[in-house]
Amino acid sequence: QVQLVESGGGLVQAGGSLRLSCAASGSIFVFNLMGWYRQAPGKQRELVASIVGGISTRYADSVKGRFTISRDNAKNTMYLQMNSLKPEDTAVYYCYYHSNRDFWGQGTQVTVSS
């Protein structure tokens, strides 16, 4: 089993920054995919960024150059550094881990005011 706990969300003005954390526990393997998804009201959940092995990363076009995903394998913790935030980044952000099945965190709210 895997447990994922997000933290770091909050309210920030446009142009500001936030760093999300996802603490993972249980059967975590370095080379399994981890990532961040988000879901805005009335919209489908979408991939924001993913990371494999702590090195290979992938980003949604809407966040490239502004967000950085990273992973501290020793701490089993994943991060999402979000800079130059925009109101359209407002959403609930979910941590995700894939092994034999998908695991999700409970989500953390990010609100960007204009």
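Assorted remarks:
- Residue within the range 27-35 that is surrounded by fewer than 19 Cβ atoms within 10 Å (Cβ to Cβ) and either without any contact (Cβ under 8 Å) to a residue 40 or more places away in the chain or on the phi > 0 side of the Ramachandran plot (or both) present: yes
- Residue in the range 72-82 that is surrounded by 15 or more Cβ atoms within 10 Å (Cβ to Cβ), touching a helix residue (DSSP H, G or I) at 6+ places or on another chain (Cβ under 9 Å), at pLDDT 95 or above and among the hydrophobic types (A, V, I, L, M, F, W, C) present: yes
- Among the residues of this structure, residue 89 does not count as one that is charged (D, E, K, R) and open to solvent by 60 Å² or more (accessible area, probe 1.4 Å).
- Tally of residues being within 16 Å of the chain's Cα centre (by Cα) and closer than 28 Å to residue 25 by Cβ across the range 84-114: 19
- Some residue of the range 64-72 being among the polar types (S, T, N, Q) and either in contact (Cβ under 8 Å) with a residue 24 or more places away in the chain or closer than 17 Å to residue 3 by Cβ (or both): no
- Listed conditions (1) polar (S, T, N, Q); (2) assigned to a loop (DSSP other than H, G, I, E, B); (3) touching a residue at least 24 places away in the same chain (Cβ under 8 Å) are all met by residue 44, apart from (3).
- Scanning the range 58-71 for residues being open to solvent by 60 Å² or more (accessible area, probe 1.4 Å) and in a strand (DSSP E or B) gives a total of 2.
The values are calculated or read from the model by the stated rules, or taken from the named source; none is laboratory data. Remember, predicted model here, so these are calculated numbers, not experimental data. No Cβ is skipped: glycine too gets one built from the backbone with ideal geometry, and neighbour counts run over all protein chains shown. Ligands, DNA and RNA are excluded from the accessible area calculation, which covers all protein heavy atoms including side chains. Shrake-Rupley method; radii C 1.70, N 1.55, O 1.52, S 1.80 Å.
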